[in-house]
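The values are calculated or read from the model by the stated rules, or taken from the named source; none is laboratory data. Treat the numbers as computed from the prediction; the structure is a model and nothing was measured. Glycine also receives a Cβ, built like all others from the backbone with ideal geometry; neighbour counts cover every protein chain displayed.
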Amino acid sequence: MISLLDSGAYLLRGTEIIPDNQEAASAILAKTGKSLSKEDAKKETIAYGILRDHNTSDNMEKLKIKFDKLTSHDITFVGIIQTARASGLTKFPVPYVLTNCHNSLCAVGGTINEDDHMFGLSCAKKYGGVYVPPHQAVIHQFAREMLAGGGKMILGSDSHTRYGALGTMAMGEGGPELVKQLLNQTYDINMPGVVAIYLKGAPVKGVGPQDVALAIIGAVFANGYVKNKVMEFVGPGVKSLSADFRIGVDVMTTETTCLSSIWQTDDEVKEFYEIHGRGGDYKELNPGEIAYYDGVVEIDLSAIRPMIAMPFHPSNTYTIEDLKANLDDILEDVEKRAKVSLGDKVDFSLRNKVVNGKFMVDQGIIAGCAGGGFENICAAADILKGNYIGSDKFTLSVYPASMPVYMELVRNGCAATIMETGAIIKTAFCGPCFGAGDTPANNAFSIRHSTRNFPNREGSKLQNGQISSVALMDARSIAATAANKGELTAATEFDGEFGKYKYFFDQKIYANRVFDSKGVADPEYPIHFGPNIKDWPAMVALTDNLVLRCVSEIHDPVTTTDELIPSGETSSFRSNPLGLAEFTLSRKDPEYVGRAKEIQKVEKAREAGEKLCDLFPEIHAVMQTIKKDFPDVHKTNTGFGSTIFAVKPGDGSAREQAASCQKVLGGWANIANEYATKRYRSNLINWGMLPFLIEAGELPFKNLDYIFIPCIRAAVETKAEVIKAYTVGTDGLKEFDLRLGDLTDEERQIILKGCLINYNRV
């Protein structure tokens, strides 16, 4: 089904893989009559060409990227624009689209969600942007329909910013990276590796894009095969997939921890652009005759079968057939894995979902940027036709990804077919993907064609004893399960026929409702500020030395951004830095906020020039221990703050608040064995936090210990590879090593200044 090459490889004429070994050069010469060095062949990938065209530096190993367009939604754009305003923003220099698909229910917090929307509309007018009102489209569907272009690059403040299937290299990053683009700065990265995702064959009936995506994620996530690399989809199997199918696979590439994705394009993609009235934005993209890739994932599409990603990660994958055949063993394993994250906070069980040997599901959801596409919903309608979901506890909700998609489903009758079954069709909304919509009952099991199934992504709250869980599946198998009234069923069991539905895009829907400034700013237009919209608090520059207290110690194999700062109802506070910070680690370590605030009090007193020895006896004792070996250390050259240790933090969302909330609570650093994503590490840096690395093994400190890092400012300035740190104990100092990893000169300056705002402030 899927195989990973254990070396790099050459791709000849887009169809033949030649592994990188001693015979490669002679094989290539024999087949093409050409000899090309590996370095030159690397330049023949689609990814290299797009990155070269957007690189503003003279060094293709150290890229400085300028994007063509930017996009954000309503739990990110307020903080981004506030940061940019504090840094001197006067006008959006590139098209910037503000969508409203996360807080669009306005269900909690009084007026604060709609205040955020009005903030966005007023800023689109003032700075020259585009504003997409609530319920019109989810962020990524609008980008596909209206923003993508062949050979272009888009940066979005949502991790699933992926439009590679349309020939657009797109990246999801934390808000500060968009701020840099708004201030005419660049996205700075080392030239990434490029991995070929080589497709052959064609999917069998009943297999959908989510099935292919989950099979890929299951094969590459744990081993890091594509981590921080570009996934380039090539091979003869691409032509067997419709544009919608490719889009459905592509959006899930985020869950592999890759940097971005790009696909070869053809007439299917050309037709997509023409349907949307943008034929001129199509560009044919193919690798060169001899292209070199840093790895190859080979996929036989005909061998893929309906998949399920069990709780609590998209990589926890099985075929539905295997799950049903080995129910008890697999469910026991899932429960054991879950205990690593859930601990003893709740009693989590899945084996009680087995009734008379059948696995029974409580809820189905088809939604958002992954599931809410036209073809997914049409296929679901075909499977559901003539059936009904029953009058018991099983429910099914369908969220078309945009109003134009919804309109076409109404016109072609698929919406009526679905509603006749007892299912509900709702407007474009991302809530089911992040825990803000269709929250199941306690101990319920939900199957969803959405992007993630982390703990709490379905809306449950461990701290209140609530737990439900989500498995990811394709819309087709969700529909088959619904037609079976909740009995887990693969779509390959459907013996009917799938219709051929042609999509007609109604451009008037957006033309009549979306505000588009056409890039013209109105500097005099007043910004709408609701009472919940707050400025970022002042942040100080990095001091010469640091005293950190470890206030949370997490030994889970991976810590998600959802665990660092929860989603769901907390999204309403994303425009209020201090208000949101109260939720930091609340579902993972409820004592974190109080502990962080305690050491933050010391730093605030230091900045105010107060006498620390009288106010904080414990800190006085720590400083006295340090002074025995470092007599020149004192409160005027030493900052005080918090850090956390996590084995591998940052998997998942691009949300910058996973870092900024720690910062506004006095965080100076994270210490980790590795960082799950570039996004999270970049967020730490942009908020002036040190992304420390420590070798895996026994920690030289424990939770609530004090850590002294002398000459840290000098170490950042001089690019020290190894940084000496000390655990402060009653018996003195115990030395250990930290590293910062690769940092650009700009990133070092941001850390030294204290944050990106300080770096840009005139």
- How do the pairs read when you match residues in the stretch 425-437 that are over 23 Å from Val410 (Cβ atoms) with residues anywhere that are crowded, with 24+ Cβ neighbours inside 10 Å and among the β-branched types (Val, Ile, Thr), using Cβ under 6 Å and keeping only pairs 6 or more apart or on different chains? Cys433/Thr451
- Can you tell me which of Ile247, Ile189, Ile197 is surrounded by fewer than 24 Cβ atoms within 10 Å (Cβ to Cβ), β-branched (Val, Ile, Thr) and in contact with a strand residue (DSSP E or B) (Cβ under 9 Å, 6 or more places away or on another chain)? Ile189
- Do you know which residues across the stretch 505-546 are buried (at least 16 other Cβ atoms within 10 Å of the Cβ), part of a helix (DSSP H, G or I) and more than 28 Å from the chain's Cα centre (by Cα)? Ile509
- Query: Which one of these is modelled with pLDDT of 95 or more and aliphatic (A, V, I, L, M): Ile389, Ile418?
  - Reply: Ile418
- Message: Out of everything in the stretch 12-23 that is hydrophobic (A, V, I, L, M, F, W, C) and in contact with a helix residue (DSSP H, G or I) (Cβ under 9 Å, 6 or more places away or on another chain), what residue ends up being modelled with the lowest pLDDT?
- Response: Ile18
- Would you mind stating whether Ser157 is farther than 24 Å from Asp266 by Cα, of a type in the set (S, T, N, Q), surrounded by 23 or more Cβ atoms within 10 Å (Cβ to Cβ) and outside the structural domain of Asn316 (by TED's automatic domain parsing)? yes
- Item | Residue ranges of helices (runs of 4 or more DSSP H) in the stretch 10-111 with at least 1 members polar (S, T, N, Q) and within 22 Å of the chain's Cα centre (by Cα) | 77-86
- Message: Considering only the stretch 652-668, I want to know if a residue exists there that is among the hydroxyl-bearing types (Ser, Thr, Tyr) and either within 28 Å of the chain's Cα centre (by Cα) or under 23 Å from Ala581 (Cβ atoms) (or both).
- Response: yes
- Task: Of the numbered conditions (1) assigned to a loop (DSSP other than H, G, I, E, B); (2) exposed (fewer than 15 other Cβ atoms within 10 Å of the Cβ); (3) modelled with pLDDT of 95 or more, Glu698 fails exactly one; give the number of that condition.
- Result: (3)
- Task: May I ask you to verify whether Ala646 is modelled with pLDDT of 95 or more, among the aliphatic types (A, V, I, L, M) and under 19 Å from the mean Cα position of the chain (by Cα)?
- Result: yes
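Within the stretch 447-454, identify whether any single residue is closer than 29 Å to Arg574 by Cα and in contact with a Phe, Trp or Tyr (Cβ under 7 Å, 6 or more places away or on another chain), and answer yes or no.
Kept after step one, since they are closer than 29 Å to Arg574 by Cα, are these residues of the stretch 447-454: 447-454.
Going one step further and asking which of them are in contact with a Phe, Trp or Tyr (Cβ under 7 Å, 6 or more places away or on another chain), we end up with 453-454.
Yes: one or more hits.
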- Note on the structure: Per the list (1) at pLDDT 95 or above; (2) out of contact with any helix residue (DSSP H, G or I) (no Cβ under 8 Å at 6 or more places or on another chain), residue check on Leu70 breaks on (2)
- In the stretch 514-536, which residues are of a type outside the set (Phe, Trp, Tyr), at pLDDT 90 or above and at negative phi? Val514, Asp516, Ser517, Val520, Ala521, Asp522, Pro523, Glu524, Pro526, Ile527, His528
- Got at least one residue in the stretch 558-566 being under 20 Å from Ile694 (Cβ atoms), in contact with a strand residue (DSSP E or B) (Cβ under 8 Å, 6 or more places away or on another chain) and modelled with pLDDT of 90 or more? yes
- Among the candidates Ser660, Ser653, single out the residue that is buried (at least 24 other Cβ atoms within 10 Å of the Cβ), in contact with a helix residue (DSSP H, G or I) (Cβ under 7 Å, 6 or more places away or on another chain) and either in a loop (DSSP other than H, G, I, E, B) or modelled with pLDDT of 95 or more (or both). Ser653
- Message: Just the residues that are among the aliphatic types (A, V, I, L, M) and surrounded by fewer than 18 Cβ atoms within 10 Å (Cβ to Cβ), please, taken from the stretch 223-242.
- Response: none
- Item | Per-region count, the stretch 580-603, residues buried (at least 18 other Cβ atoms within 10 Å of the Cβ), basic (Lys, Arg) and part of a helix (DSSP H, G or I) | 1
- Item | Conditions (1) outside any helix (DSSP H, G or I); (2) within 31 Å of the chain's Cα centre (by Cα); number of the one not met by Glu735 | (2)
- Item | Residue that is among the basic types (Lys, Arg), outside the structural domain of Met171 (by TED's automatic domain parsing), touching a residue at least 12 places away in the same chain (Cβ under 8 Å) and out of contact with any strand residue (DSSP E or B) (no Cβ under 9 Å at 6 or more places or on another chain), where the choices are Lys734, Lys702, Lys678, Lys719 | Lys719
- Restricting attention to the stretch 128-146, does a residue exist that is under 20 Å from Met252 (Cα atoms), of a type in the set (Val, Ile, Thr) and touching a Lys or Arg at 6+ places or on another chain (Cβ under 6 Å)? no
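Look at Ala672 and say whether it is under 25 Å from Lys227 (Cβ atoms), small (Gly, Ala, Ser) and modelled with pLDDT under 95.
Criteria not met by Ala672.
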